[in-house]
Structure formats: structure tokens, C-alpha cells
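Trainee: If you scroll down you'll find the structure; I have some questions about it.
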Amino acid sequence: MHASYATKPDQSRGRLIAEEESSFRSPYQRDRDRIIHASAFRRLKHKTQVFVEHEGDNYRTRLTHSIEVGQVGRTIAAALGLNQELTEAVALAHDLGHTPFGHTGEDALHALMQPYGGFDHNAQAIRIVTNLERHYAEFDGLNLSWEALEAIAKHNGPVVGDLPWALAECNAAMDLELHTHASAEAQVAALSDDIAYNNHDLHDGLRAGLFTDEEITHLPIIGASYSKVDGKYPGLDPLRRRHEALRRVFGVMVGDVIDTARENMTASGVKSVEEVRELGRPVVAFSPDLWRDLKEIRAFLFTRMYRAPSVMEVRIRMAAVVEALFPYFLANPLQMPERWHREIEAATHETALARITSDYIAGMTDRFALQQHEKLMRAGKLG
């Protein structure tokens, strides 16, 4: 049974291209399924989360991260009486627009695209699901529901001011009411992202030897979780001890969001998804105490993991790959695969050509970008 403030499938605002509804799947189940079957979703298995895809088989990639976000999202949505299928669809789609090499690739591509409107991975996700996935007979993109598009666009909050060009194009075709907050399902997906990456980045950082179990026991939430494990399982194998402790950290964060959201729903008095949108603040949030603790954990990860010398060394090399590939393909666009040629030939100005090039580069996996770079270097085509 859905709560009154949940997004109801039978009240969907529909799709840009009208379709006959399924007799056995809700609109949001179809959205989720189309995302799972998308080429861009499959490519996430070879895209960086923190460590470049080939650095180790046990580290998270964008694909495994997205699956973890979806699992957390469904758990929280179920506890709050929200629409689980919509929550999962947003969670699985939220990183579709990421470039190869994670935020390193995004930063490099954004700098290169400055003369042409810049690059934003959230807006690129919208571009993928509304345009770049071209498999269906009747439309480009995935023709997702209005609610799914709104949630992908606004899961981090209202989007105001100058819009990224890719988002502006979609919004012109299907007004997503970007000035409001998104549905509670979208808000759940956003916090599920925070929960997932903070927990699995701790795990991956430990596996990579960037810090030790002893060092993170001095952090809030984490120290208490290790203590509980040590009390219940004295002398436990170190790797099992780590796993047991970090799964408890996970549980603390999920429980806090559920409890805080319930309190916010009651205090705000929201009774519908429209009231959630118009409230002016998120209803799904961490408690102030946990948010303070989480900021301390994030600061530790930023210093010891995201800006660790070994990670930064790789980031510099990977940025150089993007910085070499983009100008090459912009100057030699017909070197892109044939399926891009019709668009390239129809481009009437440099900005259009740059955006096609950006789409091509952004869609690359880590391994494909590295292979292309090596191939062009061997051929003497890169300086």
C-alpha cells in the first residue's frame, strides 16, 4: 500500500510520445526495465567509480555502484510507503551520464566544452534517456515517464539559473518544473547514492591500502560499529570483522534516513506528491547529527582517498587521455564510428559538432578510451 505522498502509477503525467500501457507492468516498472536494457547502463560496468576499471576486479564500478544505490533505494522506499519501482529506476539511471574515468573525465570534458556550453553528467543522463539511446522504432531515447525524467533531473534538488544545455533541450520539450523539489522517490534515490558511495568507498579504500581499519575507527559511527562487532565476535578474522562493521555503518545510515523522513513527513503534513514538490525543502534527509558525522567521514575520504597521491597520479594520466581524444575527434569527426556520421554531416556549426564529439567521448568506457588513445598514439595522430 502506497502512502498518500507517494507517486502513484495511475496518476502519471505520461510520456512525451504516447504509448499503450502494459497490462502487467506499471509505467515505472517499464521505465526501470528500459534503463536496465539500455546500452549506456551496460557500459557502466567498465566506467570508473573511484579506481579506474582495470585496476582491480573487486573495486566498485559505476554499474555495481548503481545497483547498490538501487538496493538501498528500494529498502528505504518500501519502509516509507513510496513507489519502489520509480525509486529504483532513478537510482539505476542517476549515473548514466558519467564519462570514462569518473569525475576526472567529467572535469576534463567540462573544461574542453566550455566554449560550447559545458558538460554536466546529470544533464547528460537526461540526454541519454531522451535522445542518445536509439533502439526503439517510434522514438529516440527511452521515452520515460514524466515522473522518471523529473526525478533524474531534480534528484539533487531544484535546478535554477542557467540550465545545462542538454537539460534545457529536454525541459523545452517536456516541462519538468525544475524550480520545485522532486518527488520523495527521487529524494530517496539521492540519499541512497550518498549512503552507498560513502560505505563502499570506505571498503574500497581499505582494500587498496589507502588507510587502515584502525584509522577509520576514530571516525564517528564507524568506531562504534567496530566496537559492537568486537564485543559480539571477539577474535574474528580481520576481513570478516571489517565487513561486519561496515554493514552496521550502512544500517545506521539507512535507519537514520527512514526515521528522519518519517518525522519530516509528519511534521510537514504533506499528503500528496504535489505537496512534497511544493514544500520548499526536502522531506527525505539525514538527521542533523548524522549529517554532521557524515561530513567528517566525507572529509576523511576526500583527503585520504579521493586526493591520495596514488589516486591523483592516475587522475592526471586519465585527464590527459580525455584532453587528447576530444580535440582529435572534433577536428576529425568522421573518424568516429559510422553511426555518428549522419549527425556529423547535418551539423551546421562548430557547437553542434562539439556536442556530438562530447556525446561520443562521454559514452566511452574506461577501457575503450584507453584503447583509442593508445591506437591513435601508435599511429602518430596525437601530439
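Trainee: Just rank ILE36, ILE221, fewest to most, by other beta-carbon atoms within 10 angstrom.
Mentor: ILE36, ILE221
Trainee: Determine the distance separating the Cα centre of segment 312-383 from the Cα centre of segment 1-16; give it in Å without decimals.
Mentor: So the separation of the two Cα centres works out to 41 Å.
Trainee: Translational diffusion coefficient of segment 1-105 at 4 °C, 1.567 mPa s, Stokes-Einstein with Kirkwood Rh over Cα pairs, in µm²/s as a whole number.
Mentor: Working: Rh = 15.1 Å.
The calculation lands on 86 µm²/s.
Trainee: Using only alpha carbon pairs under 8 Å that are at least six residues apart, calculate the relative contact order of the chain and give it in whole percent.
Mentor: Worked out over the chain, it gives 21 percent.
Trainee: Okay, moving on. What is segment 309-383 by shape, rounded, prolate or oblate, if you read a ≥ b ≥ c off the alpha carbon gyration tensor as root eigenvalues and call it rounded for a/c under 1.5, prolate for a/b larger than b/c, and oblate otherwise? It would help to have the intermediate numbers written out before the result.
Mentor: Values: a/c = 2.25, a/b = 1.85, b/c = 1.22.
Verdict is prolate for segment 309-383.
Trainee: Quick check: from the Cα gyration tensor, does segment 251-309 come out rounded (a/c under 1.5), prolate or oblate? Present the calculation step by step, with values, prior to reporting the outcome.
Mentor: Working: a/c = 3.74, a/b = 2.40, b/c = 1.56.
It is prolate, given that a/c is not under 1.5 and a/b is the larger ratio.
Trainee: Okay, moving on. For the chain, modelled as a Gaussian network with Cα springs under 10 Å, which listed residue fluctuates most, ALA125, ALA208, ALA189?
Mentor: Checking each option, the largest mean-square fluctuation is seen for ALA208.
Trainee: If Rh is defined by the Kirkwood formula over all Cα pairs and Rg also comes from Cα, what ratio Rg/Rh do you get for the chain?
Mentor: 0.98
Trainee: Right, another one. Pulled fully out, how much extra length does the chain show between LYS381 and ALA331, if you take 0.36 nm times their separation in residues and subtract their Cα-Cα distance?
Mentor: Contour length minus Cα-Cα distance gives 16.9 nm.
Trainee: A further question follows. Arranged by the count of other C-beta atoms within 10 angstrom, fewest first, what order do LEU334, LEU149, LEU279 take?
Mentor: By the 10 Å Cβ count, ascending: LEU334, LEU279, LEU149.
Trainee: Hey, what's the Cα Rg ratio for segment 184-309 versus the globular rule of thumb, 2.2 N^0.38 Å?
Mentor: It is 1.21.
Trainee: Here's a follow-up. Between MET312 and PHE139, what length comes free when the chain is fully extended (0.36 nm per residue of separation minus the Cα-Cα distance, one decimal in nm)?
Mentor: Separation in residues times 0.36 nm, less the Cα-Cα distance, equals 58.1 nm.
Trainee: Could you check the spin-label model distance between ILE36 and GLU169? Points 7 Å from the Cα along Cα→Cβ, value in nm.
Mentor: Result for the modelled spin labels: 2.9 nm.
Trainee: Order these by the 10 Å Cβ neighbour count, fewest first: HIS135, HIS203, HIS121.
Mentor: Working: HIS135 12, HIS203 18, HIS121 21.
Fewest-to-most ranking of HIS135, HIS203, HIS121: HIS135, HIS203, HIS121.
Trainee: Would you look at the GNM of the chain, springs on alpha carbons closer than 10 Å, and say which of HIS373, HIS341, HIS200 moves the most?
Mentor: HIS341
Trainee: Name the shape class, rounded, prolate or oblate, that the alpha-carbon gyration tensor gives for segment 236-334, where a ≥ b ≥ c are the square roots of its eigenvalues, rounded holds for a/c under 1.5, and otherwise prolate holds if a/b is larger than b/c and oblate otherwise.
Mentor: oblate
Coordinate-derived values only; no laboratory data. In this text the structure is predicted, and so the values were computed from the model without any measurement. Cβ sites come from the backbone with ideal geometry, for glycine too, and all protein chains shown count toward neighbours.
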